[in-house]
Amino acid sequence: MRCLPFVLPTFLAVLVGSAYSTQERPVEPVSLLDGCLDNLAKLPWLETSFRHHVFARNRHYISEGKHILDPEMKASLYACRVKVGNSPGELRIHCDGQRIWRILENGPGREIRTYTLAKLLEARNQIDKTLLGPELTVQLLRDDDAEHGFLGPRGILAELKEKLVWSGVKAGQLADGSPVYVLEGEWSKAFLDRLAPPRKEGSSGPDLRELWTKRTGFIRVPRLCRLQLDKETLFPRRIEWWGPAVPEGPDELLVAVEYEKPVLSPPASLEDRAKVFRPSDAEIESAQELDPSVILQTREQNILRLSRQEAEASRDQPTLDPTAPLRRP
């Protein structure tokens, strides 16, 4: 499973400002989510760690990593470690504002590729928007921003706001005792019509909406999202996806992402600040030049393939990956 940058950071109350004081903070779910997104957009620096859990029958996959973002320098570092069985792997993507390095370690093997930010932006401008259409084009660019670490958590939170309907706010508490707002959301009708469209009159094949409603299809596909925001600062602390793990079964926890409190103070000097976003001298020296258009073409093909699979889903009973509806990443 791809390790996606589901890094929803936390931030200090000083960033919230008087509009989010205890007396004035809104409690409507959309207002809370808007406040969270607004603060994320204003972050001067972000450094946070994350843990991504995927729960499968008799298995529990964990990936963890670190994310650092400096919007002023247009620099980022995204590092994710994954271990499946006895095979460890790590992905690091460094961007110092001018050049990008991609370092992939898989067991004893290591691959280091590099390209300039200017070439990446040029490749993005050459995307075939006519082939993808406006919606998939936005998805591809968002995925690319997220993978390079340019968005931080704003990408996934914006997608949650776009595709879900939030029905309420509850009081909750994390394992460490921190009080949180718990926002619960379900797929919007527009997105559900794409994910599990009703069978059209006169057409053959299963009624996907009936499979969804009766819980006989779409096994391990999330149906309910729980987003937990710190009650004092509105930073995201945990996101959970719930859905049936067996046909006609109740909702179970499928995916959970936990986030640590970030460091928001950048290094004092610009020189030290820049060093954070560069790999070691040895890694820089051994890096091989890569054409970033190859990465974008692969991502474009994957998005088109997934889109075709959705369009042809009526031929088979869907059993999608638990994070498939959140592709971006």
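The values are calculated or read from the model by the stated rules, or taken from the named source; none is laboratory data. Predicted, not measured: the structure shown is a model, and the values here were computed from it. Backbone-built Cβ (ideal geometry, glycine too); neighbour counts: all protein chains shown.
Quick notes on this structure:
- Checking each residue in region 154-183 for being out of contact with any Pro (no Cβ under 8 Å at 6 or more places or on another chain) and of a type in the set (D, E, K, R) picks out Arg154, Glu159, Lys161, Glu162, Lys170, Asp176.
- Per the listing Leu120, Leu131, the residue uniquely surrounded by 15 or more Cβ atoms within 10 Å (Cβ to Cβ) and either at negative phi or not in a strand (DSSP E or B) (or both) is Leu120.
- Restricting the first member to region 202-218 and to residues that are closer than 18 Å to Gln309 by Cα, and the second to residues that are assigned to a loop (DSSP other than H, G, I, E, B) and small (Gly, Ala, Ser), the beta-carbon pairs closer than 6 Å and six or more apart or on different chains are Leu208/Ala196; Arg209/Ala196; Leu211/Gly217; Trp212/Ala196.
- Yes/no for Gln126 being exposed (fewer than 15 other Cβ atoms within 10 Å of the Cβ), of a type outside the set (Phe, Trp, Tyr) and under 23 Å from Pro153 (Cα atoms): no
- The set of residues in region 156-177 being over 16 Å from Val30 (Cα atoms) and modelled with pLDDT under 90 consists of Ala175, Asp176.
- Ile156 passes every criterion in (1) in contact with a strand residue (DSSP E or B) (Cβ under 9 Å, 6 or more places away or on another chain); (2) more than 30 Å from Arg124 (Cβ to Cβ); (3) among the hydrophobic types (A, V, I, L, M, F, W, C) apart from (2).
- Failed criterion for Ala268 (all others in (1) touching a helix residue (DSSP H, G or I) at 6+ places or on another chain (Cβ under 7 Å); (2) surrounded by fewer than 19 Cβ atoms within 10 Å (Cβ to Cβ) hold): (1)
- Inspection of region 246-257 finds a residue satisfying the criterion of being among the β-branched types (Val, Ile, Thr) and farther than 16 Å from Lys66 by Cβ.
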